[in-house]
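To keep things clear, I will list the structure first and then write my remarks on it.
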Amino acid sequence: MTAKAARSPKDAVSLATVARETGVSVATVSRIVNGKSGRASADTIARVERAIARLGYRPNPVGRALKRRASRVVAMLAPNLDNPAMAAIAVSTEAALRDAGYVMILCDTHDRADLQDDYLRAMRDQFVAGYVMVSAVASAGLAEAQARGDPMVFVARRNPLGGGAYVGIDNRKAGADAADHLLAQGIRRPAVLMATQNASSTAERAEGFVRRLVAQGVPQGEIRRASAPGLSHIEIGYAAAKSLEESGGWPDGALCVSDMIAYGAYRRATESGIAIPRRCALVGIDGNAINHWIAPWLISIRIPYESFGRHVVAQLTSAWGGNAAADVDVAHEPLPTIPAPALPA
């Protein structure tokens, strides 16, 4: 039995296999496979192509990626994947990348610079085609990746180091819209609940809220702020609401810079016998799909996360083409115009 006949159909067919079958070098086969036949004659090209078809040779995508330092894999780095907003962004982006012929790897950074850098290094070793940085934090690894010119799109939170393509909402306008909603209900004792170590995105929401209230005649000294440390927005909301309660009582209405913070504040309110929204109207920002089921008391500015994915892919495509992409501010949905129940005098 010859070596050729002994080869099992299950054996991997390599460039070397094709080269042996056709009597040419591996380098010549490689060039023909990659459409760069060079000096190969028409007869050699035809012989190699027939052998490729007969043997069922398929290029190794991993090997090609290693050679080109590129792949059809995109890495998403995001914090706190237990947050429905983060999950919604991931779902949208994965679907859009899949439609474009890419596979997405999802990494949870837990909002930590060291973990973010670990993942950036690990994904670079995998020769990923690009990075989707959701709510990125400043880190040495991020600075290095940016200096190398790695294709990156920043989502929900702008690049903490400056520059880079961005997909998200106008957070200041969202905060201003929340203020308008509370003012329309006659609320003049407002508050804002947020994290102590606040992300730029949520800080911008609070800033837009306060600016609009002041512009509409609410004294800045009467706008209360409450914050709490931590990673879990539910726990932050609970602790911040407790802080408000203990330092002057409940406000008439409050902006919670995320829906999860509103959930925590609601838990504290129910424990304290505060009726939401009759006694205190809460406005969140996210518009989580579960609000209809578990939080009918919450008025929330809805962010259309389902549309983020196509914008992310468009930004990455521009980066792969060597083009600078403009920021994309996705329009959030307006709040209902029907006011909530009037507050007691």
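Before moving on, here are some points about what is shown:
- Index of the failed condition, Asn323 passing every other in (1) without any contact (Cβ under 8 Å) to a residue 12 or more places away in the chain; (2) surrounded by 13 or more Cβ atoms within 10 Å (Cβ to Cβ): (2)
- Some residue of region 181-202 being small (Gly, Ala, Ser), within 30 Å of Val313 (Cα to Cα), open to solvent by 30 Å² or more (accessible area, probe 1.4 Å) and in contact (Cβ under 8 Å) with a residue 40 or more places away in the chain: yes
- Residue match in region 211-222 (condition: in contact (Cβ under 8 Å) with a residue 12 or more places away in the chain, open to solvent by 30 Å² or more (accessible area, probe 1.4 Å) and of a type in the set (A, V, I, L, M)): no
- Subset of region 238-261 (residues that are free of Cβ contacts under 8 Å to residues at least 60 places away in the same chain, in contact with a helix residue (DSSP H, G or I) (Cβ under 6 Å, 6 or more places away or on another chain) and not hydroxyl-bearing (Ser, Thr, Tyr)): Ala241, Lys242
- Residues of region 261-310 satisfying the condition of being assigned to a strand (DSSP E or B), open to solvent by less than 20 Å² (accessible area, probe 1.4 Å) and of a type in the set (A, V, I, L, M): Ala281, Leu282, Val283, Ile285, Ile301
- Check on Gly287, free of Cβ contacts under 8 Å to residues at least 24 places away in the same chain and closer than 27 Å to Val132 by Cα: no
- Pairs meeting the criteria (first residue in region 29-54 and over 16 Å from Thr17 (Cα atoms) and open to solvent by 80 Å² or more (accessible area, probe 1.4 Å), second residue assigned to a helix (DSSP H, G or I) and at pLDDT 85 or above, beta carbons under 8 Å, at least 6 apart or on different chains) are lacking.
- From the options Leu97, Leu120, Leu115, residue that is of a type outside the set (D, E, K, R) and open to solvent by 30 Å² or more (accessible area, probe 1.4 Å): Leu115
- Among the residues making up region 141-162, those that are free of Cβ contacts under 8 Å to residues at least 40 places away in the same chain and within 26 Å of Asn83 (Cα to Cα) are Gly141, Leu142, Phe154, Asn159, Leu161, Gly162.
- For region 123-149, a residue qualifies if it is farther than 25 Å from Arg310 by Cβ and either among the basic types (Lys, Arg) or open to solvent by 20 Å² or more (accessible area, probe 1.4 Å) (or both), and the qualifying residues are Arg124, Asp125, Val137, Ala138, Ala140, Ala143, Glu144, Ala147, Arg148.
- Of the residues Gly253, Gly249, Gly273, the single one that is at pLDDT 95 or above and within 19 Å of Arg188 (Cα to Cα) is Gly253.
- When residues of region 55-79 are limited to those that are surrounded by 18 or more Cβ atoms within 10 Å (Cβ to Cβ) and modelled with pLDDT of 85 or more, the one farthest from the chain's Cα centre (by Cα): Val73
The values are calculated or read from the model by the stated rules, or taken from the named source; none is laboratory data. What you see is a predicted model, and the numbers here were worked out from it, not measured in a lab. As a convention, Cβ positions derive from the backbone with ideal geometry for all residues, glycine included, and neighbour counts pool all protein chains shown. We work out accessible area using only protein heavy atoms, side chains counted, and drop any ligands, DNA or RNA first. Shrake-Rupley method; radii C 1.70, N 1.55, O 1.52, S 1.80 Å.
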